[in-house]
Each structure stands twice: as structure tokens, then as C-alpha cells.
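**Student:** Before I ask anything, let me first share the structure, which is written out below as C-alpha cells.
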Amino acid sequence: MKLGEIYKTEFDERVFRIIGLDNYEVFYDCLSNENKWTFSGNFKRKSIFFRMGVELFKIKSELIKREEFTEKEAEYFRADLPMRFGRIKDLSWEFAVKSELNKYQNEFSQRKVNAEKIILIPSGAKGGFLKGELIESNSILTEFEIIQKASELQKLSSNGIGFYRLGCQKGIPTYLIGEYLDKAGIMK
């Protein structure tokens, strides 16, 4: 599977186009009845990308063709960004205070997310999403910088910590502040 590939699937009459993927999941766009992609061309609005586990996608889909990203699509979809990062099994957002976070500084300060700004979306107490917050740097963000900022925003008890790509907001990549395992059930 490759970026830009278009598939016919068993579970939807619309065709899907891969806009992001890794070993675990696929982000895809859908072609509407008006012959327009859901996300492509809607670069200024808030978007949460459609996603599915790679194995299910492979089993239930058939390749039709490939359509290269336009320059604007490549800038928007940012397939170069990680779909998940900063996962720590033995730390809860509730207890992610400076003294606890410092244990992870050496490891996560070396890891970079290829962006100077992203929007972090905290999880609400009832499972929904709270208002996102822009974080930015004068250089490429490190995972540790992002973890530190998220620890100020997310204070719920959690089973580990982690970040999961959601989509975009006004052209800026968004990430959910989550747990060690993702809410979609793709990570095991």
C-alpha cells in the first residue's frame, strides 16, 4: 500500500484514497457522490481523518489506481509526521508532574516530530475532545517538549500516555493527548 492509492472496498460504496499509513493503520479520504474528496480541497477547516487498521483494510479493499498528491495535499496531509508517538506505559497524565517527566527527558528529547507547530487536543472526562491548544517552537518540536506541554493540559487518570494523529485544524496537524493504547483499538 502506498500514499495516493485509490481503493474500492467491501464496506462502503465510496472509493477510498490513502492519505497516511504506517504498519498499524491507514488514514483515508472518501470520494463523495459529488465526485469530491472529503478532506482534499477543504484545507482550512477542522478535519478528523478517517482511519482503519492496516490488516482489515488489506483484506476488504481492492486497488483501483494511484493518484499522486498535489503539492497542497502533501503540505496538508503531512504523511511525514508520525501517526503516534510519546507512548509511555507506566505514566499517567494525572501524575505527569515535572519530577516524573524528568525520568524520560534523555530519551524523548532526542526524538523529533517533524513540525514547528501542532495542535494538542486533550480528552474530556466523558471521552470527548476538549478545545485544542497550539504549541510551537522556533525549531522542530521534540517529543519531550510536547509531553511537557500535554502534562499541563491533560490531568485525567490514564493507562499510560501517548499521542495520536487526529487530522488538521486550519492546516495545522492535530494530535490527541491519549493513553498508551489508542481509543480506536488499533494498537494492542
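**Student:** Skip the ligands, DNA and RNA, and give the accessible area per residue of the stretch 41-188 with a 1.4 Å probe, whole Å².
**Tutor:** Per residue, the stretch 41-188 has 56 Å² of solvent-accessible surface.
**Student:** For the stretch 17-62, just say rounded, prolate or oblate: build the C-alpha gyration tensor, square-root its eigenvalues into a ≥ b ≥ c, call rounded for a/c under 1.5, and beyond that prolate if a/b exceeds b/c, oblate if not.
**Tutor:** Because a/c hits 1.5 or more and a/b fails to exceed b/c, the stretch 17-62 counts as oblate.
**Student:** Could I ask something else about it? Sorted by mean Cβ packing within 10 Å, highest first, what order do the peptides 27-38, 153-164 take?
**Tutor:** Going from most to least packed, we get 153-164, 27-38.
**Student:** Which lysines have a Cα lying under 18 Å from the Cα of LYS8, excluding residues fewer than 8 positions away in the same chain?
**Tutor:** LYS36, LYS58, LYS60, LYS65
**Student:** Give me, ordered by chain and number, the residues 5 or more places off ASP182 or on other chains with an amide H under 5 Å from its own placed amide H.
**Tutor:** MET187
**Student:** What ³J(HN,Hα) values, in whole Hz, does the Karplus curve 6.51 cos²θ - 1.76 cosθ + 1.60 give for the stretch 91-103 when θ = phi - 60°, with x put for Gly and Pro?
**Tutor:** 9, 10, 4, 4, 10, 7, 8, 3, 4, 6, 5, 4, 4
**Student:** Which ³J(HN,Hα) values, rounded to whole Hz and listed in residue order, are derived for the stretch 156-168 from phi using the Karplus coefficients 6.51, -1.76 and 1.60 in 6.51 cos²θ - 1.76 cosθ + 1.60 with θ = phi - 60°, glycine and proline given as x?
**Tutor:** 3J(HN,Hα) across the stretch 156-168, in whole Hz: 6, 5, 8, 9, x, 10, x, 10, 9, 5, 9, x, 9.
**Student:** For the stretch 1-115, what's the relative contact order in percent, using C-alpha pairs closer than 8 Å and at least 6 residues apart?
**Tutor:** RCO, the stretch 1-115: 25 percent.
**Student:** Report the FRET efficiency, 1/(1 + (r/R0)^6), for GLU100 and GLU133, where r is their Cβ-Cβ distance and R0 is 25 Å, rounded to 0.05.
**Tutor:** Calculated value: 0.75.
**Student:** Quick check for the stretch 97-180: number of Lys pairs with alpha-carbon distance under 17 Å, counting only pairs 8 or more apart or on different chains?
**Tutor:** 11
**Student:** Starting from the amide H of THR174, placed 1.01 Å from N in the peptide plane, find each other amide H under 5 Å away whose residue is 5 or more places distant or on another chain.
**Tutor:** Amide H neighbours of THR174, under 5 Å, 5+ apart: ILE119, LEU166, GLY167, CYS168, GLN169.
**Student:** For the stretch 120-171 and the stretch 7-85, what is the separation of their Cα centres, given in Å?
**Tutor:** Cα centroid to Cα centroid, the span is 23 Å.
**Student:** Further question on the same structure: Taking 8 Å as the Cα distance limit and 6 or more residues as the minimum spacing, I'd like the relative contact order of the stretch 3-42 as a percentage.
**Tutor:** The value is 27 percent.
**Student:** Which of the three applies to the stretch 89-149, rounded, prolate or oblate, going by the alpha-carbon gyration tensor with a ≥ b ≥ c and a/c under 1.5 meaning rounded?
**Tutor:** oblate
**Student:** Of the heavy-atom accessible surface of the stretch 85-188 (probe 1.4 angstrom), what whole percent is carbon and sulfur?
**Tutor:** So the carbon and sulfur contribution to the accessible surface is 48 percent.
**Student:** What value, in deg cm²/dmol to 500, does the helix sum -39500 (n - 2.57) over DSSP H runs of n ≥ 4 give at 222 nm once divided by the residues of the chain?
**Tutor:** -4500 deg cm²/dmol
**Student:** I'd like the Karplus ³J(HN,Hα) series for the stretch 39-53: coefficients 6.51, -1.76, 1.60, θ = phi - 60°, whole numbers in Hz, and an x wherever there's a Gly or Pro.
**Tutor:** Going residue by residue, I get 9, 5, x, 10, 6, 9, 9, 7, 10, 10, 5, 6, 9, 7, x Hz, with x marking Gly and Pro.
**Student:** Now a separate question. If the chain between ASN33 and ILE140 were fully stretched, how many nm would it gain, using 0.36 nm times the residue separation less the Cα-Cα distance?
**Tutor:** Contour length minus the Cα-Cα distance gives 34.6 nm.
**Student:** Quick check: net charge around CYS30, other residues with Cβ under 15 Å of its Cβ, Lys/Arg +1 and Asp/Glu -1?
**Tutor:** Around CYS30, the surrounding residues sum to -2.
The values are calculated or read from the model by the stated rules, or taken from the named source; none is laboratory data. Computed from a predicted structure; not experimentally measured. Don't worry about glycine lacking a Cβ; one is built from the backbone with ideal geometry, like all the others, and counts go over all protein chains shown. Side chains included, ligands, DNA and RNA excluded: accessible areas come from the protein's heavy atoms. Shrake-Rupley method; radii C 1.70, N 1.55, O 1.52, S 1.80 Å.
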